[in-house]
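One structure is given here, and the rest of the page talks about it.
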There are 2 protein chains.
Amino acid sequence: MQISKKTQYGLRAMVYLAKNFKRNKVFPLREISKSEDIPFDFLEKIILELEKSDLVKAKKGPNGGYFLACSPRKITAGDIVGALEKTKPVNCLICGRMGKCSAKSVWNKLEQSLKDALDSINLSELTK
Amino acid sequence: MQISKKTQYGLRAMVYLAKNFKRNKVFPLREISKSEDIPFDFLEKIILELEKSDLVKAKKGPNGGYFLACSPRKITAGDIVGALEKTKPVNCLICGRMGKCSAKSVWNKLEQSLKDALDSINLSELTK
DNA sequence: ATAAAACAGACTATATTAGTCGGTTATATC
DNA sequence: GATATAACCGACTAATATAGTCTGTTTTAT
């Protein structure tokens with residue numbers, strides 16, 4: 001029940017992009033890495049996943065960098081965590097094998113409130 | 001963000017004890033292990049942790065076994081998960097180092113709703 | 001041309017998880 | 001009081017996941 005460093009870094013990077021968000025402005029990874037004190041090589045992998053989930057876009061070449069794919073208001077913590085982390089608390093094999101599992105309702109409820117909590121927060125709120 | 005097998009096994013073992021709960025009745029681990037299809041040696045370690053958290057008690061020797069430390073109604077999923085799993089989603093080092101962390105409020109909210117969800121379920125409900 | 005930046009895949013080191021094994025201690029029953 | 005049963009305990013191992021590194025290729029503004 002721990003959030004990985006990957007996800008923590010990813011969320012912080014996204015908040016950085018949201019805080020400095022401005023139309024047509026891009027942010028090279030080096031800047032985010034330094035400013036947020038995240039290992040550059042690792043962040044590169046993370047931002048790539050975020051890009052594949054359509055949360056950020058990139059501009060290549062000199063003066064290139066990354067930027068949010070849409071307004072901070074429209075991106076939720078749930079979007080970001082969902083892109084970087086397994087969000088189902090369990091893969092209950094028992095449920096499949098035996099048709100029912102005494103613990104299933106617990107994990108279902110947990111998954112739902114986890115989702116609700118994260119979906120209720122958007123990036124714009126986190127910039128304040 | 002995954003619940004460990006240890007916790008899944010632990011919860012199922014506890015539900016087993018709750019389902020068959022009867023005053024002065026004890027359940028040898030072998031029985032729980034077979035019935036719930038949980039590796040015996042592993043379950044032994046798990047139940048020991050549950051005992052140290054005062055969720056179950058033991059009776060040693062022949063005809064011995066484990067039993068719930070109190071009524072199923074009084075034991076929550078939160079008690080069980082809390083005994084077996086790290087329940088804080090992050091140990092945000094940044095928060096300590098920089099005084100503030102842009103992501104902190106997300107993890108706090110997550111932790112709270114995780115706790116709320118699990119605390120709202122008791123063992124007695126899970127026996128139905 | 002060249003330099004800055006994104007993109008990509010393979011690799012390594014560390015930590016965590018899941019489980020095993022070999023024993024010791026307590027106690028009901030014969 | 002011997003014995004068998006079941007809890008208790010600590011050290012060990014195997015597998016997997018996490019966290020990061022390294023070496024390069026591609027794109028593009030200047």
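What the table shows:
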read-out	value
Shortest-first nm distances, B:Asp37 label point to equivalent points in other copies (7 Å, Cα→Cβ)	4.8
Loop trypsin sites (Lys or Arg not before Pro), segment A:1-96 (other Cβ atoms within 10 Å of the site Cβ: 15 or fewer; DSSP)	A:Lys22, A:Arg23, A:Lys25, A:Lys60, A:Lys86
Residue among B:Ala117, B:Ala69, B:Ala58 with the largest mean-square fluctuation in a Gaussian network model of chain B, springs linking Cα atoms under 10 Å	B:Ala117
Chain A: angle of helix A:104-119 to the longest principal axis, Cα-based, in degrees nearest 10	20 degrees
Sum of -39500 (n - 2.57) over DSSP H runs of 4+, divided by residues of the protein assembly as shown (222 nm, nearest 500)	-16000 deg cm²/dmol
For B:Lys88, label point 7 Å along C-beta direction: distances to other copies, nm	3.0
Near-label residues of segment B:107-128 by backbone N, under 14 Å of a point 7 Å along Cα→Cβ of B:Phe21	B:121-128
Max mean-square fluctuation residue, GNM over chain B, Cα-Cα springs under 10 Å, options B:Pro72, B:Pro28, B:Pro89	B:Pro89
Residue of chain B nearest the B-to-A rotation axis [by Cβ], rounded angstrom distance	B:Ser113, 2
Other-copy label distances relative to A:Asn63, 7 angstrom Cα-Cβ extension, nm	8.8
Dimensionless Rg over Rh [the protein assembly as shown; C-alpha; Kirkwood]	1.10
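Read-outs throughout are calculated quantities, based only on the coordinates presented, and are distinct from any laboratory measurement. All figures in this text were calculated on a predicted structure; none of them were measured in a lab. We place every Cβ from the backbone using ideal geometry, glycine too, and count neighbours over all the protein chains shown.
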